[in-house]
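The values are calculated or read from the model by the stated rules, or taken from the named source; none is laboratory data. Note that the coordinates shown come from a computational prediction; the quantities given were computed from them, not determined experimentally. For neighbour counting, all protein chains shown are included, and Cβ atoms are generated from backbone atoms with ideal geometry for every residue, glycine included. These accessible areas exclude ligands, DNA and RNA; they are computed on the full protein's heavy atoms, side chains included. Shrake-Rupley method; radii C 1.70, N 1.55, O 1.52, S 1.80 Å.
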Amino acid sequence: QVQLVESGGGSVQPGGSLRLSCVVSGSSYSRSSRYCLAWFRQTPGKERERVAAIITGGGSMFYDDSVGGRFAFSRDIYTENALTLYLQMTNLKPDDAAMYYCAAREYRGKCRTLGRADYGSWGQGTQVTVSS
């Protein structure tokens with residue numbers, strides 16, 4: 001498993017933007033590996049839901065219908081010690097308010113269909129608030 005650290009959450013008005021980042025590192029991290037990395041979000045009393053996923057190293061990107069056209073990954077940045085990905089969120093809506101979690105697993109041929117239970121590594125979360 002790798003370690004994940006998210007940042008970039010905050011409070012914005014409807015229509016605003018935020019950029020979340022997820023840094024993947026740790027003793028299990030390898031610059032030569034590809035990962036399926038996903039962003040999930042959760043509000044109190046609801047299940048954690050996936051909103052976007054990416055296969056690193058130039059692979060495909062996937063977006064939930066609720067965020068398609070508003071959320072976008074930047075290309076991953078690999079270094080010897082860590083992998084960084086950004087999720088640009090634009091035109092934020094009150095329904096986007098949640099705790100956002102980054103999750104990752106080594107890519108083994110599947111990414112789009114992976115569910116919450118398939119990810120072994122999770123970050124601590126970053127809070128996104130959208131209100132006027």
Treating only the Cβ of Lys, Arg, Asp and Glu as charged (+1, +1, -1, -1), what charge dipole size does the chain show about its Cα centre? Round to the nearest 20 debye. 200
Give me, ordered by chain and number, the residues 5 or more places off residue 57 or on other chains with an amide H under 5 Å from its own placed amide H. 76
So, with a 1.4 angstrom probe, what is the percent of accessible area on the chain that is carbon and sulfur? 44
Taking only protein heavy atoms and a 1.4 Å probe, what accessible area per residue, in Å², does segment 1-87 have with all protein chains in place? 49
